[in-house]
1. Just the residues that are of a type in the set (Val, Ile, Thr) and within 32 Å of the chain's Cα centre (by Cα), please, taken from region 71-120.
2. Which condition from (1) at pLDDT 90 or above; (2) over 24 Å from residue 379 (Cβ atoms) is the one that residue 317 breaks?
3. List the helices (runs of 4 or more DSSP H) that sit entirely inside region 550-648 and contain at least 1 residues that are within 16 Å of ligand 1 (Cβ to nearest atom) and of a type outside the set (Lys, Arg).
4. Take the conditions of a type outside the set (Ser, Thr, Tyr) and more than 28 Å from the chain's Cα centre (by Cα) and apply them to residue 569. Does it pass?
5. Consider only pairs whose beta carbons are under 7 Å apart and that are at least six residues apart or on different chains; among these, list those whose first residue lies in region 406-427 and is assigned by TED's automatic domain parsing to the domain that holds residue 464 and whose second residue is of a type in the set (Asp, Glu) and buried (at least 18 other Cβ atoms within 10 Å of the Cβ).
6. I need every pair where a residue in region 34-51 that is of a type in the set (Asp, Glu) has its Cβ under 8 Å from the Cβ of a residue that is more than 10 Å from ligand 2 (Cβ to nearest atom), sequence separation at least 6 or different chains.
7. Do we find a residue being more than 16 Å from ligand 1 (Cβ to nearest atom) and over 25 Å from residue 1 (Cβ atoms) anywhere in region 84-95?
8. State whether the residues of region 551-571 include one that is within 16 Å of ligand 2 (Cβ to nearest atom) and not aromatic (Phe, Trp, Tyr).
Amino acid sequence: MILDIKKVVKEYKLSRHNKFKALNGIDLTFESGQLVSIIGESGSGKSTLMNVIGGLDNDYQGDILLDGNSVHNLKEKDLDNYRKNKIGFVFQSFNLIPHLQVLDNITVAMTLSNVKKSDRIKRAKKILKDVGLTDQMYKKPNQLSGGQKQRVAIARALINDPDIILADEPTGSLDSETSDQILVLIKKIAAKGKLVIIVTHSEKVASHSDRVITIADGLIIKDVMKEENKKIIIGEEKVDNGKQNLSFFDAIGMALKNMKEKLARNLLVAIGASIGITSVIIMLSIGNGVGKYITDTMNEFVNPMVIEVHQLAVEENTNGQPRDIMATEAKPFEKENIEELSAIKGVEKVELAYSKFSFRDNILKIGEEEVPFQNLSTISSNITSENINEGKLPVAGEIMVSANLIENFESSPVGQTIELEFMIGATKFVESFIVSGIYGEISESGMNNFTSVFFNYADLENLAKDKDVTIKPNTVYLVTDDQDNVEAIKEKVLALGYTGSMEELLLGMFKEMLDVITYILAAIAAISLVVSAIMILVVMYISVVERTREIGVLKAIGARRKDIKRIFVAESFLIGLVSGLFGLLVAVLLMYAINGITNSMYGVDLVLISSMFAVFGVLVSIGISILAGLAPASKAAKLDPVESLRRE
Ligand code: ADP
Ligand code: MG
């Protein structure tokens, strides 16, 4: 291996017009197996040169050739690979990642290459043995002495088996005894055929080198080879560096280790962020619960397998008079209508019915009293005996009265004969019936609070025939035998231009309103998600600032921008996941608590969390968190490695 430095000039931009030349045209050639010392006054440009050689700083003039190939012109991705596979950095201040164990500090470079975990550990253990740290591998950096830390750093530099080791004052922070140990180690590395370049102030280190280069004001002023130090090179087997990049799984692993370090902070943020998720889930679930309660209540009164159909009311009454707002007869069904409806798929039977809604014409004569009622209907199979409160369904000559009419009777009307008065068109009917039963809940208020009387369609037909009145059905009941068909039939009915029952129309409108209210409430709750996002953003920014040096180290050992980004995005993913799950857990607990109360008070489950809301909540939480983490993550990815490493 030959490393050629060709006319390298490095200028630092101080301001728009001021530049400082730190390297003034450096020409050097290095070969494998050399141990080279670079000495020089502080500020002479040694670190600058190391950063340029190591590919940490690619902003210079001139070129660096590795075996004839330009490093300066490498694409970003290839420069990352150059740092990862060709260069091993050792710093004066060790630059170990504080929250990782020795073993993980060493394997990080391999993790970035997606080397298999078992291979990583095998190789790391071998190198730890070489540097004499086998006993220390599960310690964290702050549990080690300075010399041990530097040996970890050397092991880390060696792990990807680079051709070149760059050590910038590696013994600068160590006492002389530990310095000697490090020197021995470094000499051993050079002896194995690597090019080792050390920046040093130590006479002793320099005297053990094969070559000593002196640099002053960015220029080489002396370059001395010492033949007697030349070593026999022992060739070593090349290791296989993974070609791939940091896997998402490993990124999560790294993020987890870091987050454990700041566990309390991260948990607090996740819990804070979960409040928004909880509120959104609860709002949606209350809407869901109320909607289901209404539907259930509805189905209690009528048979859900029977679909009521009307035609939109005509603007004028059948007799040509302007529409009478006191009494409404819906538009009658003709033969074609009936045929069309019975042809709908899933309809087993069509029942004809008649109903008249009036505030004036429908009268019950109870004793001397005339009691008006609103709804006169023929009975059909949408009312089953389950809906009967007392007595039974009416047969020929019988009527059934709704529960809210019975206060007009002195005793139970069941079995009594009473007179019923009503109008069909312009014809008045007065007939006697026996009361067969009471429909609906007596205490019920709410949905079904029209006063109603029911009797049989056949009775109505017979009565009409006696008076020469033709009667046409104005309500049709479609009966199906499969609950699953109901929705499709209802849709088809509407598509054909008919309407459903009055209650259903109201229910539909009410549910639409309920949906709007639910979404508005959920949106208000979602405002707290913005707060969560900002909170996560701030915490991630703080994390980036705290870990600037670590990012520099990761870049020095070959992390790509993408890898850095991935590590931080993985962190925000984890925060989002934890906050989403926590938010869901709280929502579920709240559901039990609230339902416990509403159940004991009203017999109703108010909150109904569906699995869709649960998944939605967690996904939204993860999404928001990742979104909030993106900006800090790209800030981290864009950090300049040289500057990050200089950061205290
Ligand atoms: P040393 O030989 O002590 O390692 P350096 O290579 O760090 O010296 O620095 C060489 C010269 O370049 C010094 O005068 C230093 O002030 C200057 N320098 C280093 N980094 C920067 C920078 N980022 N911006 C401006 N000047 C710099
Ligand atoms: Mg320096």
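The values are calculated or read from the model by the stated rules, or taken from the named source; none is laboratory data. This is a predicted model, so every value here is computed, not measured. Ideal geometry is used to build each Cβ from the backbone, glycine not excepted, and the neighbour counts take in all protein chains shown.
1. Pass one, region 71-120, residues of a type in the set (Val, Ile, Thr): 71, 87, 90, 97, 102, 106-108, 111, 115.
Hits for region 71-120 are 97, 107, 108, 111, 115.
2. It is condition (1) that residue 317 fails.
3. Details: elements: 561-602, 611-638, 641-646.
Hits in region 550-648: 641-646.
4. Considered against the rule, which asks whether it is of a type outside the set (Ser, Thr, Tyr) and more than 28 Å from the chain's Cα centre (by Cα), residue 569 comes out as no.
5. Close Cβ pairs (under 7 Å, with a partner that is of a type in the set (Asp, Glu) and buried (at least 18 other Cβ atoms within 10 Å of the Cβ)) amount to 422/361; 423/361.
6. Partner pairs satisfying both residue conditions: 41/216.
7. Yes - at least one qualifying residue is present in region 84-95.
8. Yes, some residue in region 551-571 is within 16 Å of ligand 2 (Cβ to nearest atom) and not aromatic (Phe, Trp, Tyr).
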